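Okay, structure first, notes after.
The values are calculated or read from the model by the stated rules, or taken from the named source; none is laboratory data. Just so it is clear, the model here is predicted, and its values are computed rather than measured. Here the Cβ is made from the backbone with ideal geometry for all residues, glycine too, and neighbour counts use every protein chain on show. Note: areas computed on protein heavy atoms with side chains; ligands, DNA, RNA excluded. Shrake-Rupley method; radii C 1.70, N 1.55, O 1.52, S 1.80 Å.
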Amino acid sequence: MISFKFGIALLLFTFFVWEQRKLKDCLEINSGRDYKHLHSGNIPVFGTGGYMLSVDEALSYKNAIGIGRKGTIDKPQLLIAPFWTVDTLFFLTPENDTDLYFLFSFFQKVNWKKYDESTGLPSLSKKTISTIKIKTPSKNEQIKIGTLIQKVNNLISLQQRKLELLKLFKIGMLQNILADTKAASKLKFKGSNQEWRPRRLNSITNIITKGTTPHFKQASNGVNFIKIEDISKDNGKIYPRSFITEKENNGYLKRSQLKAGDLLFSIAGTLGRVGKVTDDILPANTNQALAIIRLKPSQNIDFCKIMLESDSVKRYIHANPTMGAQPNLSLKQISDLTLFFPDIKEQTLISQLIKKIDNLLALQYQNISKFKQLKQFLLQNIFI
């Protein structure tokens, strides 16, 4: 129903005559200024990264669009008056025949990096901005378009806030579950009041082994080869993007074949990223890079993943790295890692609870992605 309404709106837009103009005919480009002579107050100061602090004077009392003069030049901001901007942020105020939100929608469509004028720190000039061409309909139609895009922006912001709340909820649950692992968690599960027992990692894993680094050119297809960057830092899902040949895989790399039910743990460079190997990433034999170790837990795999992602493990790995060209951990350091585990029943209950929260998080990521795709569709079809 939503997509149908947006489709009708787009059809209505096409019946109006659009005039091609330059941005200098639609808006006034103003420079930001230093704020350090001002005192603390309630007027927000904005830079290229967004809100900075509040002062007691305003540079503008008209709503505007902020765009970077230097540094971040591709993140337009909606500035609600009164406000102050620093000297690295232009603020652009629309002329009477141009709607602010329509212009802001257009600014989100522009590839600003294409207009970068420097060989070093990205920069824009007033002249460059003023000569960019834009097609505009009547003021009334601009308002309709600007309102539509702003509603989608608001939906995206709402979904992102929900995502952040879910992340905080998960953190809170884990803090309660793992708060006092030497005894039992603060969060009580029915029938699970046993003490958590200390276990060395090598006592609850059947395999702890490193991967390897190929000394050959990677193939365009073949056997999956997992790198640290292929393991999502958000949920531990693995997205293979590199390959090695079957011939090389069947040689000296064969010893590190991955199987469903393995856990991957990064031990060089980016420390402590945890990934779960599932059947869907195993269309063929799969190997992992030298910077990743393979673990085959004898306990509940999802609970082991939760423990390896816990704050106690993060503290351990950041307190014990061997420093070289990059921080790294040895197999012995990982093998000797001691964690507190409940019985299998409680492990299962905890992992099921966290999995439900992870499913909600995944759904929220999908919602955000859908609204962003909708926004891109609208921008591409409105500003042709």
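Among the listed pairs Lys227/Lys372; Lys276/Lys314; Lys305/Lys356, give every one whose C-alpha distance is greater than 24 Å. Table pairs above 24 Å Cα-Cα are Lys227/Lys372.
When Lys and Arg each count +1 and Asp and Glu each count -1, what net charge do the other residues less than 13 Å away from Gln108, Cβ to Cβ, add up to? Intermediate values should be presented prior to the final figure.
Numbers: positive: Lys75, Lys109, Lys372, Lys375; negative: Asp74.
It works out to a net charge of +3.
With each label modelled as a point 7 angstrom along the Cα→C-beta vector, the Lys133-Val17 pair spans 1.8 nm.
Rounded to the nearest 0.05, what FRET efficiency do Lys126 and Ile384 have when you use their Cβ-Cβ distance and R0 = 30 Å? The partial results should precede the final answer.
Numbers: r = 26 Å, r/R0 = 0.88.
That gives a FRET efficiency of 0.70.
Measure off 7 Å from each Cα along the Cα-to-Cβ vector at Ser298 and Lys36, then give the distance between these two points in nanometres to one decimal. Output for this residue pair reads 6.4 nm.
Taking a ≥ b ≥ c as the square roots of the eigenvalues of the alpha carbon gyration tensor, the stretch 101-181 is oblate, as a/c is not under 1.5 and a/b does not beat b/c.
Taking chymotrypsin sites (Phe, Trp or Tyr not before Pro) across the stretch 19-91, the ones in a DSSP loop with at most 11 further Cβ atoms lying within 10 angstrom of their Cβ are Tyr61. Simple spin-label estimate for Ala260 and Met173 gives 2.4 nm between the two label positions (7 Å along the Cα-to-Cβ direction from each Cα). Each peptide in 300-310, 155-165 was scored by the mean count of other Cβ atoms within 10 Å over its residues; highest first, the order is 300-310, 155-165. Applying 0.36 nm per residue to the separation of Asn202 and Thr119 and subtracting their alpha-carbon distance, the gain on full extension is 24.7 nm. Over all other residues within a Cβ to Cβ distance under 15 Å of Gly66, the charged ones net out to +3, with Lys and Arg as +1 and Asp and Glu as -1.
The mean accessible area for residues of the stretch 9-123, using a 1.4 Å probe and ignoring ligands and nucleic acids, is 53 Å² per residue. With K and R counted +1 and D and E -1, the other residues having a Cβ less than 14 Å from that of Gly146 yield a net charge of +2.
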